[in-house]
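What follows is one structure encoded as C-alpha cells, with my remarks underneath.
The values are calculated or read from the model by the stated rules, or taken from the named source; none is laboratory data. What you are looking at is a predicted structure, and each value in this text was computed from that prediction instead of being measured. Here the Cβ positions follow ideal geometry from the backbone for every residue, glycine too, while neighbour counts run over all protein chains shown.
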Amino acid sequence: KDLRAAADQEHKMTGKARAACEQAVARLRAQQVEIRAKATAEKARQLDALHGQLTERAVSAHRVADAQLPGIGPGIVRNLAVAGVYSAHDIVRAHGNDLVLRSGAVVHVAGIGEARAARLQQWADGIRATVRAMPPSTLPGTVVEGIDRAAESSCQNLDQQIRMREHRLLQELATIGQTAADCRTVIQKRQRTLLTDMRTKDRAAVGDVERRRQEVSAARWAEARAAQRAAAYTNIRFSAYIGSIVGGPRGPAQP
C-alpha cells in the first residue's frame, strides 16, 4: 500500500512538472508566432507607407499647368499658383467654389466656380487612383532584411529559453525519480524490519505454545502415573498401611 501510494505521488508530480513545462513552452512558441506576425505586419505597414510616399511623389509630378483641363487656361493656372495650387497633390477636394488644400487651408481662386472646382477635384482624384493602382511589389532588400533579422534574433532568444525550460524539466524529473527511489528504499527497509519483527514474534509465540504443550504433557503424564500407582494398592494393603500409621493390628501380609 505504501509503495503504491509512493508510485501514485511520483506519477502525480511527474505529470504536474510536464504540464508546467508544456504550458511554458506553449507560451514561448506563441510569442514566436506573434513576433513573426508583427514582422509581417511591419513589412506591410512600411510597404503601405512607401506606397503612399511614391503615390504622393507621382501625384506631385502631375502639374496643373500641364494638364490642359477644359476651362482652365493660363490665367487661372497663374491664379491657382498664387493660391498655392501647383499640382494634383495640392488639391484634396472641392468645397463649393473653394478648394481644400493639402495644408488644410480653404482657398477661393479667382475664376474658379463650382464646375471648375469639381473638375479640378475629379482630375486630382483620377491621378491618385491611377498611381495607387501600381504599388511597389516589394520593400527594398535592406529594409526587409532588417525586419527579418530583428524578428529572427527575438525568436532565437525564445528558442534558447525553450531549451532551458526543457532542460530544467529533465532535472526536475530526475529529482522526482531520485526522491521516489529513496522513498521506495525507506519503505522497503521498513517493511523488511516489520517482517523480521513479525517472524521473531511468531517464533516466540511458537516456542511458548511448545513449552505449554510440554508442560501439559508432563502434567498429564504425572497424573497418569499417580493414577497407576493408586490403582496398584489393594484394600488389604491399604488397611495394613493405615494400621502401620495408627499402630493397630496388621493384617496378613499380601504376597
Identify, please: which residue in the range 121-139 is in a helix (DSSP H, G or I) and β-branched (Val, Ile, Thr) and is, among those, surrounded by the fewest Cβ atoms within 10 Å (Cβ to Cβ)?
Thr130
Out of (1) free of Cβ contacts under 8 Å to residues at least 40 places away in the same chain; (2) of a type in the set (Ser, Thr, Tyr); (3) assigned to a helix (DSSP H, G or I), the odd one out for Thr55 is which?
(1)
Could you tell me whether any residue of the range 48-63 is basic (Lys, Arg) and loosely packed, with under 13 Cβ neighbours inside 10 Å?
yes
Among (1) touching a helix residue (DSSP H, G or I) at 6+ places or on another chain (Cβ under 9 Å); (2) closer than 21 Å to Arg57 by Cβ; (3) assigned to a helix (DSSP H, G or I), Thr142 falls short only on (1)
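I'm trying to understand the selection: among the residues of the range 98-107, which are loosely packed, with under 14 Cβ neighbours inside 10 Å and either touching a residue at least 12 places away in the same chain (Cβ under 8 Å) or not in a loop (DSSP other than H, G, I, E, B) (or both)? It would help to see each step written out before you state the result.
Taking the range 98-107 first, the residues loosely packed, with under 14 Cβ neighbours inside 10 Å are 103-106.
Ser103, Ala105, Val106, listed by residue number.
Does Glu42 count as modelled with pLDDT of 90 or more and either over 30 Å from Gly126 (Cβ atoms) or part of a helix (DSSP H, G or I) (or both)? Spell out how you get there, then give the answer.
Working: modelled with pLDDT of 90 or more: yes; either over 30 Å from Gly126 (Cβ atoms) or part of a helix (DSSP H, G or I) (or both): yes.
Taking the combined requirement at face value, the residue satisfies it.
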Only one residue in Arg163, Arg203 is assigned to a helix (DSSP H, G or I), more than 25 Å from Ala30 (Cα to Cα) and without any contact (Cβ under 8 Å) to a residue 60 or more places away in the chain. Which one?
Arg203
Across (1) within 17 Å of Val59 (Cβ to Cβ); (2) part of a helix (DSSP H, G or I), Val85 clears everything bar (2)
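When you scan the range 20-27, do you find a residue that is of a type in the set (Gly, Ala, Ser), closer than 30 Å to Gln161 by Cα and either surrounded by fewer than 16 Cβ atoms within 10 Å (Cβ to Cβ) or more than 31 Å from the chain's Cα centre (by Cα) (or both), even just one? Step through it out loud before you land on a result.
First, pick out the residues of the range 20-27 that are of a type in the set (Gly, Ala, Ser): 20, 24, 26.
Filter again for closer than 30 Å to Gln161 by Cα, leaving 20, 24, 26.
Still in the running and either surrounded by fewer than 16 Cβ atoms within 10 Å (Cβ to Cβ) or more than 31 Å from the chain's Cα centre (by Cα) (or both): 20, 26.
Yes, the range 20-27 contains at least one residue that is of a type in the set (Gly, Ala, Ser), closer than 30 Å to Gln161 by Cα and either surrounded by fewer than 16 Cβ atoms within 10 Å (Cβ to Cβ) or more than 31 Å from the chain's Cα centre (by Cα) (or both).
What number of residues within the range 58-69 are within 55 Å of the chain's Cα centre (by Cα) and either more than 13 Å from Thr130 (Cα to Cα) or part of a loop (DSSP other than H, G, I, E, B) (or both)? So that I can check it myself, show each step before the final result.
Just the residues of the range 58-69 that are within 55 Å of the chain's Cα centre (by Cα), to begin with: 58-59.
Those still in the list that are either more than 13 Å from Thr130 (Cα to Cα) or part of a loop (DSSP other than H, G, I, E, B) (or both) too: none.
Qualifying residue count, the range 58-69: 0.
Quick check on Ile35: is it within 30 Å of Glu152 (Cβ to Cβ), of a type outside the set (S, T, N, Q), in contact with a helix residue (DSSP H, G or I) (Cβ under 8 Å, 6 or more places away or on another chain) and buried (at least 16 other Cβ atoms within 10 Å of the Cβ)? Break it down stepwise before answering.
Values: within 30 Å of Glu152 (Cβ to Cβ): yes; of a type outside the set (S, T, N, Q): yes; in contact with a helix residue (DSSP H, G or I) (Cβ under 8 Å, 6 or more places away or on another chain): yes; buried (at least 16 other Cβ atoms within 10 Å of the Cβ): yes.
When the stated conditions are applied, Ile35 passes them.
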